[in-house]
Amino acid sequence: MIVLYIFTGILFLYLLATLSYLFVLAVAGRLGKLRRYTTHPEKSKIAVIIPSYKEDNIIVNTAAQALQQDYPKDRYTVTVIADQLQPETVAALRALPVRVVEVALNMKARSLNAGFRALGDEYDLALILDADNIMGAGVLEKVNHAYRSGWQVIQCHRTAKNKNTAVALLDALSEEANNMMFRRGQRVLGLSCALIGSGMAFQFELLKGIFALPQIQDNPGEDREVDIQLVSKGIVVEYIEDAYVYDEKVQRKEVFEKQRTRWLATQVDHLKRFLAPDMRRHFWEKIYMHKLFQCLFLPRLLLMLLFGLILLVCGVDAFVGVRLLAPGAWWWGALIVLYVLTLGTAVPAVFYNRDTLKALAQIPALMFSMVRALLKIKKNKTGFLHTPKEFSG
């Protein structure tokens, strides 16, 4: 009993700290203003790089869409890194004015390294897309403006291109809540925004050097190692809210589980990297402290599950008349209210509709998938867990 009391007291303090931080980010994201970017007279040479692993059904459409940017055609190129694509897919790509680099590497980081070696050194910027990503109008112009304003790393606003199932709708809602807190909110407060894995632009030589590092070559969470390297260099990431990159959201629970297995494994490794000897010298730097604190957050669905268990214990506590929780049921109730307020502030108003209400019925099943993903994270250590894409619209 005493052990449970001590454990829940420590858990309460941990959750109070993390949820207070999230609430501040959500309020800052909701109320603050960001700098807007449009065009700049100096046009940087941009390499749009699209690694594609067995994405034969969507990559040709993605490459064709990438060629439609309203940016001078002689100032940007599109390169597809074709990792184990079918011969007919490669032929269709070569029929477009895109560069194709064929590899068989089975790892995104290694594919990108091969792509950088093939491209040479003529570029100013590299913009990384996933095989399902479609850039909205003006993305390259806005990225170039931010770069010419002094930013070395820029995160675009990745958003859903499909909400056609309940799982996809909830995934889209979750990403927009993250955009509000970890990108918009952090930039409003002058902090470095969180990278999201695609729709990211970097000073070319900076990113080329990072992907040449040995520690990133076999890392399935390559964007996390990129984040580590940026922290070690003290580089702040800018966020362009209206530079939209449309991304496919997972449509089925089994795909969701596979994706979250990969994400949980990379989050654990990310935390370990922050505590590695080569990172300790940055311990008192602001960028390091806030990034390390982010690594300690529980995934949203696991946090919901935890609060559900806490409510159950509160019920048992009230029924048997034995105090099991520290600091007490009312305090835990207030903490749950803080979490609800944080989510309510972070979720955009467009999601407050009947479709979202219906989709919420899928949350218990997705909680179960998250628990299964947590139990399977070791599978991600031996190779890249590929999550198939299907939506090209």
Selected from G234, L4, L343, residue furthest toward positive end of dipole (the chain; charges at beta carbon): L4
Whole-number Å³ per residue for the convex hull built on Cα positions in region 1-138: 196 Å³
Sequence ranges 200-209, 309-318, ranked by mean other-Cβ count within 10 angstrom, highest first: 200-209, 309-318
Placed amide H near E248: partners under 5 Å, 5+ positions off or other chain: K161
Region 1-105: trypsin sites (Lys or Arg not before Pro) falling in loop per DSSP and having at most 11 other Cβ within 10 Å: K33, R36
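Could you list the chymotrypsin sites (Phe, Trp or Tyr not before Pro) in region 289-352 that lie in coil according to DSSP, counting only those with at most 12 other Cβ atoms within 10 Å of their Cβ?
Y352
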Cut-off under 5 Å, modelled amide H: who pairs with A131 long-range: none
Dimensionless Rg/Rh of the chain - Kirkwood Rh, Rg from C-alpha atoms: 0.98
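Coordinate-derived values only; no laboratory data. It should be emphasised that the depicted structure is a prediction, and the values quoted were computed from it without experimental measurement. Every residue, glycine among them, receives a Cβ derived from its backbone with ideal geometry; neighbour counts consider all protein chains shown.
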